[in-house]
């Protein structure tokens with residue numbers, strides 16, 4: 001939480017390069033852990049005796065934009081596919097990608113209430129159920145939000161879902177601000193050289 005221009009979003013997105021790899025069921029669209037819990041698709045494979053292969057996949061920061069629709073969050077059943085093929089096909093939403101990853105919401109205090117309710121439900125149960133529970137998959141994620149308190153408050157029940165609260169203030173020291181601008185210019189001039197220069201420190 002902090003005023004505009006304090007690099008809140010930049011700090012969160014920078015997490016992506018620091019995140020470790022995790023073991024997932026190979027080919028699973030929901031990043032299911034080999035030991036479970038499993039999505040309905042993995043459960044059907046196990047039931048049919050199909051082998052469950054394992055691969056390593058890097059964790060990611062999945063961003064949930066403001067103005068997102070409910071079906072893009074939870075996913076939806078493809079009715080046209082069901083009619084033409086006679087089989088159910090689920091089109092995953094952001095909660096599928098967010099399973100076992102970071103779910104990031106910029107300006108979280110401006111998120112619409114019905115989307116907040118969906119996230120609260122998934123965060124509480126660890127499961128995303130769709131279309132009258134005909135389809136489900138694990139939805140366990142680390143919730144990260146950024147906000148400017150001048151633009152409004154965050155619902156108390158939503159705030160409770162964040163395990164840590166950090167207040168950020170703008171840097172006012174002239175020397176530090178000059179250094180920030182210098183590094184920004186360096187990056188804009190030659191991003192590859194800038195990243196190579198700071199790679200050792202980032203790895204540490």
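Some points to look at:
- Inclusion of residue 196 among residues that are farther than 15 Å from residue 73 by Cβ, part of a helix (DSSP H, G or I) and modelled with pLDDT under 85 is not warranted.
- For beta carbons closer than 7 Å, sequence separation of 6+ or different chains, a first residue in segment 85-96 that is more than 8 Å from residue 75 (Cβ to Cβ) and assigned by TED's automatic domain parsing to the domain that holds residue 128 and a second that is assigned to a loop (DSSP other than H, G, I, E, B) and modelled with pLDDT of 90 or more, the qualifying pairs are 94/64.
- Output for segment 152-202, where each listed residue is within 30 Å of residue 114 (Cβ to Cβ) and out of contact with any helix residue (DSSP H, G or I) (no Cβ under 7 Å at 6 or more places or on another chain): 156, 159, 160, 162, 163, 164, 165, 166, 167
- As a summary of the residue check, residue 103 satisfies the conditions (1) surrounded by 15 or more Cβ atoms within 10 Å (Cβ to Cβ); (2) out of contact with any strand residue (DSSP E or B) (no Cβ under 9 Å at 6 or more places or on another chain); (3) not in a loop (DSSP other than H, G, I, E, B) except for the one numbered (2).
- Residue 80 falls short on exactly one of the conditions (1) assigned to a helix (DSSP H, G or I); (2) under 26 Å from residue 23 (Cα atoms), and that condition is (2).
- Any chance residue 95 is closer than 30 Å to residue 180 by Cα and in a helix (DSSP H, G or I): no
- Any hit, segment 49-61, residues being in contact with a helix residue (DSSP H, G or I) (Cβ under 6 Å, 6 or more places away or on another chain), over 30 Å from residue 153 (Cβ atoms), surrounded by fewer than 20 Cβ atoms within 10 Å (Cβ to Cβ) and at pLDDT below 90: no
- Residue selected from segment 4-37 under the condition touching a helix residue (DSSP H, G or I) at 6+ places or on another chain (Cβ under 7 Å) and in a loop (DSSP other than H, G, I, E, B), by the criterion surrounded by the fewest Cβ atoms within 10 Å (Cβ to Cβ): 29
The values are calculated or read from the model by the stated rules, or taken from the named source; none is laboratory data. Everything numeric in this text was worked out from a predicted model, so none of it was measured. Because the Cβ atoms are built from the backbone with ideal geometry, glycine has one as well, and the counts that use them run over all protein chains shown.
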